[in-house]
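S.K.: Dropping the structure in here first, questions after.
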Amino acid sequence: MIKLIGVLIIVIGFIMKFDTIAVVLVAGVITGLVGGLGFVEILTVIGEAFIKTRYMSLFLLTLPVIGILERSGLRERAADLIRSMKSVTTGKVLTTYHGIREVAAALSLRLGGHVQFIRPLVNPMAYGAAEKNFKDIDEETEDEIKGYAAASENLGNFFGQNVFVAAGGVLLIVGTLGELGVEVTPLAVSKASIPIAIFAFVYGAIQNYFLDRRIAKKLSQKNSGTTAAEVK
Amino acid sequence: MKALLLEIFYVLAGLVSIITAIHALRDEKHPHRNETALFWFLFGAIFIIGKYIPAALVGAMLLLMGVLTAMKRVTFGSLANAADEVRQQSADRMKNKIFVPALTIGVVAFFVAQVFKSLGGLVGLGFGAVAATVIAMVMTKEKPKQFGYDGSRLLLQVGSASILPQLLAALGSLFAAAGVGEVISGGIAGVLSEGNILGGVIAYCVGMALFTMIMGNAFAAFAVITAGIGMPFVYAAGANPAIAGALALTAGYCGTLMTPMAANFNVVPAALLETKNKYRVIISQVPIALALLVTHIVLMYVWAF
């Protein structure tokens, strides 16, 4: 049982919000010591594993070009594109963003973010769509739209990223399994990540569809134009 | 061939880190520039010469880096992006062309992995990054020096967290050396018999989600739960490791969607959007997270075996 002390240190350290790197190192060293390894032996295991897993940090090679593209307006252009999409309902705005975010993540484009996109762009657009179609939007509905806007960012980000062959998560899977004696290739892991990416998108679209339905039921229409037929 | 190419890319990655160290050192407004520079210099050195020095020395360098981050001495500083108007003007000028270099990385990586199977996706990522850099250099006409500056800016922004995946893999191998997996699986074996595949799959997926909820970090949970539950009850039972591994990590992400511990994703955005209920984001995500978790279990059970 004492060998589980490393797990305990990680759980407590993360909950207490101590420095993540330090927590992991302390947990590792103490686990090694109670497991009967000598200090130099522990350093050797850590060092060897770190050298062997250098491929996990190959994303460093992409930083200069991404940095230059950000300087040249990469985010601004993406924002322009999203702003120009023609979605008539709240749910469709969110589903469209979810789709774009997920495909971008699968191509290793980190083009999302709550700060960069949800607050300044996606949430106002989703709320704007509701405002266009309905009158007197209550606080609860406004809050709900905010929640689903943030959710579309998280869902697209989480379940799209591992489709990229050299994503951090993919390399973590390859590296951790490798350390435990199971060999897999990054390509196989990234391909195996495709089905759940599709499920996540479909579930998100369904959730947003029901959001539209709920809003339409709760609020009264502004006018009986085409949008009313859309959301029925 | 593959090993040689990868080694070259490791040296280049190490150089990015060392250039970052130099920019941190020259940043006069940086409150801890010496310590921050030391951190990135050590990281770069491990990449370039780590293979040729005793592994214990690499371990010691990592502990020193851990001390620096524990003392909060590895921070961002004052490297600046271009002004808002300048970026908007440039975006208006370049239009969708600006996506070309960024997409090059992913496309080249996938192409190399698919066509030159012996080289693999990692070598592909290296080539993709180099190709993207060249294309961006031609398109933006920025000087190579500016590339070094902006790469350093991003690495300083990501900060010490960028070494976390590698450290977690190292933790996994220490757990393996100390026999932690046997202890956890011994505990679970009381409840679950080996060879009960469905039970193992459920324990692995739900374990990932729960542990991620407690720790707020699916990467850390993956190292622990894979050693303890995944190995004896899923992989040893003959699961396809690529499928089971991919699904286990995203099962952890289902946990991320449901926990305030993942503050960056769930709590900070709620504050940013000024929601009335501070758990609004989590409330919106719980139904879909649970549906996805069940989907993970079904997929792993049906598809990995």
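The values are calculated or read from the model by the stated rules, or taken from the named source; none is laboratory data. The model shown is predicted, which means the values in this text are computed figures rather than measured ones. Cβ atoms come from the backbone with ideal geometry, glycine included; neighbour counts cover every protein chain shown. The accessibility values were calculated without ligands, DNA or RNA, using every heavy atom of the protein model including side chains. Shrake-Rupley method; radii C 1.70, N 1.55, O 1.52, S 1.80 Å.
S.K.: Consider the range A:84-120. How many of its residues are more than 26 Å from residue A:163 (Cα to Cα), open to solvent by 10 Å² or more (accessible area, probe 1.4 Å) and touching a residue at least 12 places away in the same chain (Cβ under 8 Å)?
M.R.: 3
S.K.: Does residue B:156 satisfy the criteria of being more than 8 Å from chain A (Cβ to nearest Cβ), buried (at least 20 other Cβ atoms within 10 Å of the Cβ) and in contact (Cβ under 8 Å) with a residue 60 or more places away in the chain?
M.R.: Considered against the rule, which asks whether it is more than 8 Å from chain A (Cβ to nearest Cβ), buried (at least 20 other Cβ atoms within 10 Å of the Cβ) and in contact (Cβ under 8 Å) with a residue 60 or more places away in the chain, residue B:156 comes out as yes.
S.K.: For the subset of the range B:205-234 comprising residues that are more than 21 Å from the chain's Cα centre (by Cα) and of a type outside the set (A, V, I, L, M), which member is modelled with the highest pLDDT?
M.R.: Looking at residues that are more than 21 Å from the chain's Cα centre (by Cα) and of a type outside the set (A, V, I, L, M), I get B:233.
S.K.: A further question follows. Among the residues of the range A:189-204, count how many are open to solvent by 40 Å² or more (accessible area, probe 1.4 Å) and aliphatic (A, V, I, L, M).
M.R.: 3
S.K.: Across the range A:26-58, which residue is nearest to the other protein chains (Cβ to nearest Cβ) among those that are outside any helix (DSSP H, G or I) and free of Cβ contacts under 8 Å to residues at least 60 places away in the same chain?
M.R.: A:35
S.K.: Right, another one. Could you look through the range B:190-202, keep only residues that are modelled with pLDDT of 80 or more, in contact with a Phe, Trp or Tyr (Cβ under 7 Å, 6 or more places away or on another chain) and farther than 14 Å from residue B:295 by Cα, and pick out the one that is least open to solvent (accessible area, probe 1.4 Å)?
M.R.: B:200
S.K.: Now a separate question. Looking at B:170, B:176, which one is open to solvent by 10 Å² or more (accessible area, probe 1.4 Å), closer than 15 Å to residue A:180 by Cα and not polar (S, T, N, Q)?
M.R.: B:176 is the lone residue from the list that is open to solvent by 10 Å² or more (accessible area, probe 1.4 Å), closer than 15 Å to residue A:180 by Cα and not polar (S, T, N, Q).
S.K.: Could you tell me whether residue A:62 is open to solvent by less than 40 Å² (accessible area, probe 1.4 Å), within 7 Å of chain B (Cβ to nearest Cβ), within 19 Å of residue B:224 (Cα to Cα) and without any contact (Cβ under 8 Å) to a residue 60 or more places away in the chain?
M.R.: It is false that residue A:62 is open to solvent by less than 40 Å² (accessible area, probe 1.4 Å), within 7 Å of chain B (Cβ to nearest Cβ), within 19 Å of residue B:224 (Cα to Cα) and without any contact (Cβ under 8 Å) to a residue 60 or more places away in the chain.
S.K.: Now for a different question. Residues to consider are B:13, B:60; find the one that is hydrophobic (A, V, I, L, M, F, W, C) and open to solvent by less than 20 Å² (accessible area, probe 1.4 Å).
M.R.: Testing whether each residue is hydrophobic (A, V, I, L, M, F, W, C) and open to solvent by less than 20 Å² (accessible area, probe 1.4 Å) leaves just B:13.
S.K.: Can you find even one residue in the range B:278-293 that is touching an Asp or Glu at 6+ places or on another chain (Cβ under 8 Å) and more than 7 Å from chain A (Cβ to nearest Cβ)?
M.R.: Within the range B:278-293, not a single residue is touching an Asp or Glu at 6+ places or on another chain (Cβ under 8 Å) and more than 7 Å from chain A (Cβ to nearest Cβ).
S.K.: Moving on to the next point. Going through the range B:73-99 one residue at a time, which ones are facing chain A (nearest Cβ under 10 Å), touching a residue at least 12 places away in the same chain (Cβ under 8 Å) and either under 20 Å from the mean Cα position of the chain (by Cα) or open to solvent by 70 Å² or more (accessible area, probe 1.4 Å) (or both)?
M.R.: B:74, B:97
Residue-by-condition table, conditions (1) over 25 Å from residue A:195 (Cα atoms); (2) within 12 Å of chain A (Cβ to nearest Cβ):
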residue	(1), (2)
B:169	yes, yes
B:172	yes, yes
B:183	yes, yes
B:190	yes, no
B:204	no, no
B:221	no, yes
B:226	no, yes
B:237	no, no
B:257	no, yes
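S.K.: Can you name the residue in the range A:158-215 that is in a helix (DSSP H, G or I) and hydroxyl-bearing (Ser, Thr, Tyr) and is also farthest from the other protein chains (Cβ to nearest Cβ) among such residues?
M.R.: A:209
S.K.: Go through the residues of the range B:230-242 one by one and say whether even a single one is open to solvent by 10 Å² or more (accessible area, probe 1.4 Å), in a helix (DSSP H, G or I), among the hydroxyl-bearing types (Ser, Thr, Tyr) and touching a residue at least 12 places away in the same chain (Cβ under 8 Å).
M.R.: no
S.K.: Now for a separate question. Just to check your reading of the model, which residue among A:23, A:88 is assigned to a helix (DSSP H, G or I), of a type in the set (A, V, I, L, M, F, W, C) and out of contact with any Leu (no Cβ under 8 Å at 6 or more places or on another chain)?
M.R.: Checking each option against the conditions leaves just A:23.
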